[in-house]
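Below: one structure, written as structure tokens.
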Amino acid sequence: MTPALKTVVTATLLAACATSAVAFTSNGPTIQRSLSGNSVVGQMYDGISYCEYHAPNGGIFGRDTEVYAGNWTVWNNHICYTYPGYGEDCQRASVRGSMVTFTDSLNGSMISSGTIVGGNVCN
């Protein structure tokens, strides 16, 4: 393969990967509809298990190594979380059926992933 052809193939693959990443980010209404009134049971990137209930009124109630509460909202195509003592954290969410993956809005790294379960199963 010539160097010019390698450049074209590499550019094509990079463009396809970039398009795929964007295509798998869910829009705001999908995020809202999928999470409101439901729980996410999953794991953080570091392997810690968690469960978070996304109340329809914007409250979030969860547990991992401790029990916690905060607020959630959908802004544009991001889900934003606010917990006491911490600033707002907005993430991208990719919803596929009953699965959801949360990624960092700035660098695209995975934060967590889990299964969407109806109702509050976190208590």
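Any read-out appearing in this document is the output of simple, stated calculations on the displayed coordinates, not a laboratory observation. Just so we're clear, the structure is a prediction, and the values are computed from it rather than from any experiment. A quick note on method: Cβ atoms are made from the backbone with ideal geometry, for glycine too, and the neighbour counts reach across all protein chains shown.
Counting Lys +1, Arg +1, Asp -1, Glu -1, what net charge surrounds Y81 among other residues with beta carbon under 15 Å of its beta carbon? Intermediate results must be reported in sequence, preceding the final value.
Numbers: positive: R63, R92; negative: E52, D64, E88, D89, D104.
Neighbour charge sum, excluding Y81 itself: -3.
Using the Kirkwood formula over every pair of different C-alpha atoms, what hydrodynamic radius in Å results for the range 25-118?
Working: mean 1/r = 0.0769 Å⁻¹.
Evaluated on the range 25-118, it is 13.0 Å.
Describe numerically, in nm with one decimal, the distance between label points set 7 Å from Cα along Cα→Cβ at Y68 and at N27.
A separation of 3.1 nm, rounded to one decimal place.
Around G42, with a cut-off of 14 angstrom between Cβ atoms, what is the net charge of the other residues, counting Lys and Arg +1 and Asp and Glu -1? All intermediate terms of the calculation are to be shown ahead of the outcome.
Working: positive: R63, R96; negative: D46, E52, D64.
Result for the local shell: -1.
Size of the range 79-123 along its principal axes in angstrom, Cα-based, largest extent first?
Rounded to whole Å, the extents work out to 28, 25, 12 Å.
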